[in-house]
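Contents: one structure, followed by commentary.
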Amino acid sequence: MDTGITDKTYQHWHLEQDEENFVWLHLDKADSSTNTLSEAVLTELEDALNHLHRQPPHGLVICSAKKNGFIAGADIREFTHFESQPAALDAIQRGQRVFNLLETIDCPTLALIHGYCLGGGLEMALACRYRIAEDSPETRLGLPEVRLGIHPGFGGTVRALEAAGPLIALNIMLTGRSFSARAAKKMRLVHYAVPQRHLLNAARSMLRNPPKQAPLPWWLKILNHRLLRPWIAKYMLRSVAKKAARAHYPAPYALIDLWQRYADDREQMLREEAVSVANLLVGKTAQNLIRVFNLQETLKERGRKGEREQENKPKYVHVIGGGVMGGDIAAWCALQGYQVSIQDREHETLGRVIQRAFGLYRKRLKKPRLISTTLDRLMPDLPGHALARADVVIEAIFEDAGIKQQLFREIEPQMKADALLCTNTSSIPLETLAEVLEKPERLVGLHFFNPVAKMPLIEIVRGQNSTEENVQRASAFAKSLSRLPLPVTSSPGFLVNRVLMPYLIEAVILAEEGVPLKVIDEEAVDFGMPMGPIELADTVGLDICLKVADILSQNMDISVPERLRTLVDRGQLGKKTGQGFYSFKKGKPIKTAANKDYIPPVDLQERLILRMVNEVIACLRDGVVETADLADAGIIFGTGFAPFRGGPMHYLQDRGAQQVYKMLEQLQQRYGQRFAPDAGWQPWLEQEEGNG
Ligand code: COA
């Protein structure tokens with residue numbers, strides 16, 4: 001029987017009805033590489049579902065026509081447009097209404113999933129009676145809303161709890177982590193995980209003989225009982241509190257509260273879910289985290305631009321220098337699919353590189369077959385034979401201009417004519433290094449952060465000679481390593497180290513003044529930093545901190561605290577030697593509690609944070625980064641600066657430039673010149689005055 005659905009034409013959905021009277025709704029969001037649930041997409045779906053409610057087919061399949069995946073969630077770009085809580089609530093309730101329509105249609109419904117199935121995408125799939133996911137490494141499912149400062153709002157909390165039980169459902173919503181098709185099957189979030197070649201047959205046969213829905217086993221269901229919920233909620237709140245403060249990240253707390261209070265009543269929980277998300281969505285945390293998502297997209301776009309403009313994609317990477325940075329860069333490049341050679345003067349060093357790489361691959365890849373194929377791509381190359389075929393050469397040797405220049409002299413004649421030469425220097429001007437090159441335009445800085453496998457940012461350093469084309473190539477290369485490229489100019493410390501250093505130095509000055517180390521770190525963590533500055537310095541290595549500080553002090557108005565130098569002289573370098581500012585036990589710092597009646601200085605947090613903010617202003621004045629947004633992106637992804645605050649420049653604007661400026665002046669009066677507001681403040685003060 002013809003449902004008449006194919007008479008309809010939509011901009012974002014393609015409709016098909018087959019001979020078995022199954023209707024296929026293919027989502028292919030117009031003018032977009034990725035499917036998201038924008039208002040327009042939902043409006044069309046609502047129309048189609050209303051039609052199918054009147055004339056139900058024998059089965060309904062929802063799938064995606066995009067190669068990269070099913071649906072990447074609600075359209076985050078629309079999240080910033082809400083002017084008030086009621087407006088946000090209206091949009092969320094509307095999404096719920098559409099998914100309720102899908103859930104109540106009088107025929108078997110099935111979501112056929114490949115690639116990304118995130119947020120609203122998984123919520124939509126959960127509103128279908130059945131879910132089949134392609135069993136491939138590209139398939140990733142998840143409910144990552146908490147990372148945007150919200151939780152699922154289109155009925156996803158209710159349906160995830162019903163499908164997987166509270167422990168699993170809350171865990172995936174609280175962590176926001178994504179998982180494979182097989183893991184989703186194990187968690188009961190999909191019914192089958194099948195290889196691509198069986199997907200269509202599996203869908204058809206499920207619709208022909210719709211299996212009975214298996215109820216949740218009693219031991220999972222019972223955890224939803226109203227007498228048990230307060231206990232489980234208490235335990236979950238405790239573990240959430242260890243990771244995120246309620247004042248900074250309210251979403252996980254709101255989610256636990258929602259479940260604890262309303263899990264007995266489906267209808268009420270749906271209503272309250274929408275209210276809760278609307279409240280969160282218009283709050284500062286969510287808006288700032290959405291800003292961070294957009295900043296991340298801006299950096300990715302830099303890399304994509306480079307990719308589009310490059311004719312030949314690099315295949316072979318040659319890394320010179322098997323120290324921790326060089327070795328980890330090589331291991332990471334191989335993990336990302338490149339054919340990599342790693343050159344060093346010593347066998348032992350290369351052995352350690354492979355050992356570390358093995359550890360990383362074992363953790364990330366788990367399966368022995370994948371580990372060994374990845375290790376096969378990482379080739380120790382003592383004599384440097386592979387240099388001649390490399391498309392990208394990365395230098396990561398000892399931080400000494402003369403030695404690096406000597407190396408460049410030796411390797412340039414052996415390199416392919418069009419190979420890109422990158423240096424991982426963190427302090428030497430590119431112009432100095434480029435002096436010895438025949439083709440100075442091919443040199444670009446590729447400044448990775450430690451640990452390479454964890455830090456998402458790479459500073460792409462443009463020297464005076466680097467051509468735009470090569471900067472683009474380097475950005476594209478960084479993007480291909482699943483890293484975010486941040487363009488910066490070649491100046492001491494670039495952006496991230498330059499901004500971080502005054503903050504670390506201020507922390508050491510505070511320690512010299514007698515403020516307990518634990519108190520200093522706690523104040524920074526209270527502000528939202530992932531780790532306190534003293535622990536950070538110990539973790540990075542005090543010798544490295546001292547070296548960077550010494551280099552920066554040649555150009556910046558910073559004086560290196562004596563205590564830092566003394567510790568380094570004594571060989572107390574931090575975590576790696578077991579003793580720095582802190583003593584370390586099993587890799588963890590032993591933090592002694594402050595005396596009970598100790599009262600920290602009232603301006604402690606201001607002293608730490610405003611030195612950072614002042615330095616960002618200085619970087620913008622010097623043109624180290626192009627825009628305030630890029631500065632925010634760099635500092636968030638390079639240092640972990642409190643993401644819920646939206647970046648240092650956003651924080652400054654949010655608090656009021658005038659107010660922060662005055663605070664700096666007060667600190668200058670109290671503590672001296674190092675707090676003098678930078679000359680670059682003027683435009684920000686004027687902008688604020690202009691805004692009224
Ligand atoms: N809303 C709006 N746009 C989105 C989006 C979303 N939920 N998810 C992805 N996009 C867009 C990106 O902005 C980008 O747009 P562009 O091509 O115009 O620049 C495009 O989709 C591709 O995304 P990109 O991030 O560049 O691709 P990727 O392969 O590196 O990553 C994802 C893909 C899906 C993992 C990543 O985009 C992501 O994490 N998205 C957010 C998922 C999410 O939080 N969903 C819940 C929303 S409530």
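When both residues are 6+ apart or on different chains and their Cβ atoms are under 6 Å apart, which pairs have a first residue that lies in the range 221-235 and is over 17 Å from Arg159 (Cα atoms), and a second that is modelled with pLDDT of 95 or more?
Arg229/Gln260; Ala233/Ile256; Ala233/Gln260
List pairs: first residue in the range 280-303 and closer than 13 Å to His650 by Cβ, second residue within 10 Å of the ligand (Cβ to nearest atom) and assigned to a helix (DSSP H, G or I) anywhere in the structure, Cβ distance under 7 angstrom, at least six positions apart or on different chains.
Pairs found: Leu289/Arg147; Leu289/Leu148; Ile290/Ile76; Ile290/Phe79; Ile290/Leu148.
This table checks each residue for (1) of a type in the set (Val, Ile, Thr); (2) within 16 Å of the ligand (Cβ to nearest atom); (3) in the same structural domain as Lys416 (by TED's automatic domain parsing).
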| residue | (1), (2), (3) |
| --- | --- |
| Asn288 | no, yes, no |
| Gly321 | no, no, yes |
| Asp328 | no, no, yes |
| Gly351 | no, no, yes |
| Tyr361 | no, no, yes |
| Arg364 | no, no, yes |
| Thr373 | yes, no, yes |
| Leu382 | no, no, yes |
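Collect the residues in the range 331-364 that are open to solvent by 40 Å² or more (accessible area, probe 1.4 Å) and either aliphatic (A, V, I, L, M) or outside any helix (DSSP H, G or I) (or both), keeping them in residue-number order.
Gln336, Gly337, Gln339, Arg345, Glu346, Ile354
For the range 413-423, give me each residue that is within 18 Å of Val317 (Cβ to Cβ) and open to solvent by 20 Å² or more (accessible area, probe 1.4 Å).
Answer for the range 413-423, where residues must be within 18 Å of Val317 (Cβ to Cβ) and open to solvent by 20 Å² or more (accessible area, probe 1.4 Å): Gln414, Lys416, Ala417, Asp418.
Taking into account only those residues within the range 299-314 that are open to solvent by less than 100 Å² (accessible area, probe 1.4 Å) and either over 20 Å from the mean Cα position of the chain (by Cα) or over 21 Å from Ala334 (Cα atoms) (or both), which is nearest to the ligand (Cβ to nearest atom)?
So the first thing to find is which residues in the range 299-314 are open to solvent by less than 100 Å² (accessible area, probe 1.4 Å), and the list is 299-307, 310, 314.
Next cut, either over 20 Å from the mean Cα position of the chain (by Cα) or over 21 Å from Ala334 (Cα atoms) (or both) only: 299, 301-302, 305-307, 310, 314.
Numbers: Leu299: 10, Glu301: 5, Arg302: 11, Lys305: 10, Gly306: 14, Glu307: 11, Gln310: 17, Pro314: 19 Å.
Among them, the one singled out is Glu301.
Working carefully through the options Glu410, Glu431, Glu441, find the one that is out of contact with any strand residue (DSSP E or B) (no Cβ under 8 Å at 6 or more places or on another chain), open to solvent by less than 60 Å² (accessible area, probe 1.4 Å) and assigned to a helix (DSSP H, G or I). Reasoning before the result, please.
Numbers: Glu410 fails: open to solvent by less than 60 Å² (accessible area, probe 1.4 Å); Glu441 fails: open to solvent by less than 60 Å² (accessible area, probe 1.4 Å).
Step by step, each of Glu410, Glu431, Glu441 is checked, and only Glu431 is out of contact with any strand residue (DSSP E or B) (no Cβ under 8 Å at 6 or more places or on another chain), open to solvent by less than 60 Å² (accessible area, probe 1.4 Å) and assigned to a helix (DSSP H, G or I).
Enumerate the strands (runs of 3 or more DSSP E) found wholly within the range 53-118, keeping only those where 3 or more residues are within 11 Å of the ligand (Cβ to nearest atom). So that I can check it myself, show each step before the final result.
Details: elements: 59-64, 69-71, 109-113, 116-118.
Of the strands (runs of 3 or more DSSP E) lying wholly inside the range 53-118, those with at least 3 residues that are within 11 Å of the ligand (Cβ to nearest atom) span 69-71, 116-118.
Just a yes or no: is a residue in the range 179-198 within 13 Å of the ligand (Cβ to nearest atom), crowded, with 24+ Cβ neighbours inside 10 Å and in the same structural domain as Arg54 (by TED's automatic domain parsing)?
no
Give all pairs with beta carbons closer than 9 Å in which a residue from the range 26-37 that is within 12 Å of the ligand (Cβ to nearest atom) meets a residue that is aromatic (Phe, Trp, Tyr) and in a loop (DSSP other than H, G, I, E, B); count only pairs at least 6 apart in sequence or on separate chains.
The qualifying pairs are Leu37/Phe154.
Would you tally the residues in the range 465-485 being within 16 Å of the ligand (Cβ to nearest atom) and either in a loop (DSSP other than H, G, I, E, B) or open to solvent by less than 40 Å² (accessible area, probe 1.4 Å) (or both)?
First pass over the range 465-485, keeping only residues within 16 Å of the ligand (Cβ to nearest atom): 475-485.
From what's left, either in a loop (DSSP other than H, G, I, E, B) or open to solvent by less than 40 Å² (accessible area, probe 1.4 Å) (or both): 475-478, 480-485.
Number satisfying all stated conditions: 10.
Restricting attention to the range 124-132, does a residue exist that is open to solvent by less than 10 Å² (accessible area, probe 1.4 Å), more than 15 Å from the ligand (Cβ to nearest atom) and not aliphatic (A, V, I, L, M)? Give the steps one after another, and end with the answer.
Initial filter on the range 124-132 (open to solvent by less than 10 Å² (accessible area, probe 1.4 Å)): 124-125, 127-128, 130, 132.
The next check asks that each one be more than 15 Å from the ligand (Cβ to nearest atom); those that pass are 127-128, 130, 132.
Restricting the remaining residues to those that are not aliphatic (A, V, I, L, M) gives 128, 130.
Scanning the range 124-132 turns up at least one residue that is open to solvent by less than 10 Å² (accessible area, probe 1.4 Å), more than 15 Å from the ligand (Cβ to nearest atom) and not aliphatic (A, V, I, L, M).
Please determine whether any residue of the range 258-271 is touching a residue at least 12 places away in the same chain (Cβ under 8 Å) and under 25 Å from the mean Cα position of the chain (by Cα).
Start the filter on the range 258-271 by keeping residues that are touching a residue at least 12 places away in the same chain (Cβ under 8 Å), which leaves 258-260, 263-264, 266, 269-270.
Narrowing further to those that are under 25 Å from the mean Cα position of the chain (by Cα): none.
No: zero hits.
Per-residue answers, yes or no, for (1) touching a strand residue (DSSP E or B) at 6+ places or on another chain (Cβ under 7 Å); (2) buried (at least 17 other Cβ atoms within 10 Å of the Cβ); (3) under 18 Å from Met531 (Cα atoms):
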site	(1), (2), (3)
Thr566	no, no, no
Gln572	yes, yes, no
Lys575	yes, yes, yes
Gln579	no, yes, yes
Tyr582	yes, yes, yes
Gly587	no, no, yes
Asp597	no, no, no
Asp603	no, no, no
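Restricting the search to the range 137-155, which residues are more than 9 Å from the ligand (Cβ to nearest atom), assigned to a loop (DSSP other than H, G, I, E, B) and open to solvent by less than 10 Å² (accessible area, probe 1.4 Å)?
Selection gives Thr139, Gly149, His151, Gly155.
Of the conditions (1) more than 22 Å from Gln336 (Cα to Cα); (2) among the acidic types (Asp, Glu); (3) in contact with a His (Cβ under 7 Å, 6 or more places away or on another chain), Glu459 clears all except one; give me its number.
(1)
Within the range 536-555, identify whether any single residue is touching a helix residue (DSSP H, G or I) at 6+ places or on another chain (Cβ under 8 Å) and surrounded by fewer than 15 Cβ atoms within 10 Å (Cβ to Cβ), and answer yes or no. I'd like the intermediate steps shown before the answer.
Keep residues of the range 536-555 that are touching a helix residue (DSSP H, G or I) at 6+ places or on another chain (Cβ under 8 Å), which gives 536-539, 541-543, 545-546, 548-549, 552.
Then drop every residue that is not surrounded by fewer than 15 Cβ atoms within 10 Å (Cβ to Cβ), which leaves none.
For the range 536-555, residues touching a helix residue (DSSP H, G or I) at 6+ places or on another chain (Cβ under 8 Å) and surrounded by fewer than 15 Cβ atoms within 10 Å (Cβ to Cβ): absent.
Quick check: is even one residue across the range 510-527 farther than 30 Å from Ala594 by Cβ and buried (at least 23 other Cβ atoms within 10 Å of the Cβ)?
Our first condition is that a residue be farther than 30 Å from Ala594 by Cβ; within the range 510-527, this holds for none.
No, because not a single residue in the range 510-527 is farther than 30 Å from Ala594 by Cβ and buried (at least 23 other Cβ atoms within 10 Å of the Cβ).
Hey, can you tell me all the residues within the range 446-464 that are free of Cβ contacts under 8 Å to residues at least 12 places away in the same chain and open to solvent by less than 50 Å² (accessible area, probe 1.4 Å)?
Pass one, the range 446-464, residues free of Cβ contacts under 8 Å to residues at least 12 places away in the same chain: 454.
Listed by number, the list is empty, since nothing qualifies.
The values are calculated or read from the model by the stated rules, or taken from the named source; none is laboratory data. Being a predicted model, the structure only gives us computed values, none of them experimental. As a convention, Cβ positions derive from the backbone with ideal geometry for all residues, glycine included, and neighbour counts pool all protein chains shown. The accessibility values were calculated without ligands, DNA or RNA, using every heavy atom of the protein model including side chains. Shrake-Rupley method; radii C 1.70, N 1.55, O 1.52, S 1.80 Å.
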